[in-house]
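Structure, as structure tokens:
The values are calculated or read from the model by the stated rules, or taken from the named source; none is laboratory data. Keep in mind it's a predicted model, so treat the numbers as computed, not measured. Cβ placement follows ideal geometry from the backbone for every residue including glycine, while neighbour counts extend to all protein chains displayed.
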Amino acid sequence: ITQTIVAQTNQRRLIDDPMVLASIDEVIALLRRQARAFEAAIVDLLDSEPLWQALNVACRSIKGVALRTIARLMAELPEIGTFSGKAIAKLAGLAPLARDSGKHSGNRHVRGGRAGVRSILFIVASIVRRFNRDFADFHKKLLDAGKPRKVIRIALARKLLVRLNAKARDVRQAMPNLS
């Protein structure tokens, strides 16, 4: 729904006809109502399950991580908290993978994994950086080292995912009968 809202909003910018604009505005309003309804349903689901509720509280303790992020992680990465930091980063596509063959040693690029999780972590990690001194210092350290901006984004997203995974692991260990 969010992608459709963005598409309709972008399409609206290209139109001058008032009748067509009104029609697009109606579609956007309908989509926004549906998005709010789905968000409410997701909140109800998170509140109905004790494990999900505990995971939500634990993960949102990181300032800058919102309900939408947690809902997306739980929907697209239900394994969070059950794997190691390296394994969860690889699963999300935030681990550099080697492209070696024989004596050739290729560059390590991130690829594969779950694109939806990766894309939301890129955005949320930049928000978390504003509120969390540890993330800001890490960002500055990488910038000072001359790392490309994309590498920094990937590193921040991976750091956030590993931290969220650790929080989820702690919750799952505290509530073993619900996992």
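Among what's in the range 144-178 and is closer than 15 Å to residue 57 by Cβ and assigned to a loop (DSSP other than H, G, I, E, B), pick the residue that is modelled with the lowest pLDDT. Here the residue is 178. Residues that are in contact with a helix residue (DSSP H, G or I) (Cβ under 6 Å, 6 or more places away or on another chain) and charged (D, E, K, R) were ranked within the range 61-94; the one that is nearest to residue 114 (Cα to Cα) is 76.
Screening 62, 15, 24 for residues that are under 27 Å from residue 162 (Cα atoms) and either at pLDDT 90 or above or of a type in the set (A, V, I, L, M, F, W, C) (or both) leaves exactly one candidate, 62. Considering 70, 1, the condition of being among the hydrophobic types (A, V, I, L, M, F, W, C), at pLDDT below 90 and in contact with a Cys (Cβ under 6 Å, 6 or more places away or on another chain) is satisfied by 70 alone.
Among the residues of the range 131-140, those identified as of a type outside the set (Asp, Glu) and touching a Lys or Arg at 6+ places or on another chain (Cβ under 9 Å) are 131, 132, 135, 136, 138, 139. Taking (1) without any contact (Cβ under 8 Å) to a residue 12 or more places away in the chain; (2) on the phi > 0 side of the Ramachandran plot; (3) of a type outside the set (Val, Ile, Thr) in turn, residue 113 satisfies each apart from (1). Of the residues making up the range 47-87, those that are small (Gly, Ala, Ser), on the phi < 0 side of the Ramachandran plot and under 17 Å from the mean Cα position of the chain (by Cα) number 7.
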